[in-house]
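Some notes on the structure that comes next.
The values are calculated or read from the model by the stated rules, or taken from the named source; none is laboratory data. Remember, predicted model here, so these are calculated numbers, not experimental data. Note: ideal-geometry Cβ built from the backbone for every residue, glycine included; neighbour counts use all protein chains shown. Ligands, DNA and RNA are excluded from the accessible area calculation, which covers all protein heavy atoms including side chains. Shrake-Rupley method; radii C 1.70, N 1.55, O 1.52, S 1.80 Å.
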Amino acid sequence: MSVRRRTLLKVIVLGDSGVGKTSLMNQYVHKKFSQQYKATIGADFVTKELQIDDKLVTLQVWDTAGQERFQSLGVAFYRGADCCVLVYDVNVLRSFDTLDNWHEEFLKQASPSDPKTFPFILLGNKVDIDGGNSRVVSEKKAKDWCASKGSIPYFETSAKEDYNVDAAFLCVAKSALANE
Ligand code: GDP
Ligand code: MG
């Protein structure tokens with residue numbers, strides 16, 4: 001039996017309260033084989049093991065436990081992050097407008113060695129609502145924002161309908177691995 005060391009990748013998920021961060025993580029992790037839930041002081045994370053090419057990786061995805069309202073996430077939350085997932089709700093303009101703040105806040109708190117190449121992923125969640133008729137942020141607007149920050153990958157998702165969730169987190173894992 002060979003013992004292989006898994007690569008631990010830390011991913012943090014940021015965005016306004018209510019956009020579906022916890023739901024996306026739960027959809028992603030609970031649907032698949034390995035799940036784990038840990039409560040820590042001020043933050044929660046779930047882990048998921050997956051294989052990328054011939055590498056076994058453990059994705060450790062950190063969630064906020066309501067502190068996003070006050071932006072009082074501690075340094076431990078940001079420390080050692082390999083990728084940052086930004087989430088907004090396509091039906092709520094404010095959640096899109098605050099992306100700049102979350103992006104800035106991450107760079108300030110995590111201070112990655114190379115801010116220009118640090119991997120971010122943007123998720124526009126809740127595309128299922130009202131068959132898309134209540135959305136206020138277009139795909140183009142979101143993609144323009146991503147381009148303005150230096151080619152951030154963008155996924156439209158529905159945690160409720162499990163739309164694009166796996167694809168988004170696979171991109172997250174690959175980006176984190178490439179940055180590790
Ligand atoms: P968080 O505060 O960002 O963690 O958001 P939550 O995951 O707690 O979700 C906030 C609310 O939005 C909950 O009532 C969820 O059921 C709902 N929600 C989350 N994702 C979706 C989605 O993709 N579609 C719909 N229709 N509702 C969602
Ligand atoms: Mg939550």
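Using the crude model of +1 on Lys and Arg Cβ and -1 on Asp and Glu Cβ, and no other charge, please compute the dipole size for the chain relative to its Cα centre, in debye to 20.
It works out to roughly 420 debye.
How much accessible area per residue does the chain have, in Å², with a 1.4 Å probe?
51
Mind checking which of Ser111, Gly131, Ser95 is farthest towards the positive end of segment 90-155's charge dipole, using Cβ charges of +1 (Lys, Arg) and -1 (Asp, Glu) about the Cα centre?
The Cα lying farthest towards the positive end belongs to Gly131.
Using a 1.4 Å probe on the protein chains only, how many percent of the accessible area of the chain belongs to carbon and sulfur?
Using a 1.4 Å probe with all protein chains present, the chain comes out at 50 percent carbon and sulfur.
Sort Ile52, Ile129 from largest to smallest accessible area, using a 1.4 Å probe on the heavy atoms of the protein chains.
Putting Ile52, Ile129 in descending order of accessible area: Ile129, Ile52.
What's the local net charge at Ser158, with K and R +1, D and E -1, over the other residues with C-beta under 10 Å away?
-2
In nm, what is the difference between 0.36 nm times the number of residues separating Leu93 and Ser138 and their Cα-Cα distance?
Between Leu93 and Ser138, full extension yields an extra 15.2 nm.
Please give the solvent-accessible surface of Val75 in Å², to the nearest 10, using a probe radius of 1.4 Å with every protein chain present.
Accessible surface of Val75 is approximately 90 Å².
Round to the nearest 10 and give me the degree value, 0 to 90, for the angle of helix 165-179's Cα axis relative to the longest principal axis of the chain.
Value to nearest ten degrees: 60.
Kindly express, to the nearest 10 degrees and within the range 0 to 90, the angle between helix 21-30's C-alpha long axis and the longest C-alpha principal axis of the chain.
That works out to roughly 40 degrees.
Points 7 angstrom from Cα along the Cβ direction at Glu105 and Arg79: gap in nanometres?
Computed distance between label sites Glu105 and Arg79 equals 2.0 nm.
Ignoring everything except DSSP H segments at least 4 long, calculate the 222 nm mean residue ellipticity for the chain; use -39,500 (n - 2.57) per segment, divide by total residues, nearest 500.
Theoretical 222 nm ellipticity from helices: -9000 deg cm²/dmol.
Share of antiparallel DSSP beta bridges in the chain, in percent to the nearest 5?
In the chain, DSSP labels about 45 percent of beta bridges as antiparallel.
On full extension of the chain, what length is gained from Lys55 through Ser113, given 0.36 nm per residue of separation minus the C-alpha to C-alpha distance?
Length difference between fully extended and current span is 18.4 nm.
Say each of Ile129 and Lys31 gets a label point 7 Å from the Cα, pointing the same way as Cα to Cβ; how far apart are those two points in nm?
Computed distance between label sites Ile129 and Lys31 equals 2.0 nm.
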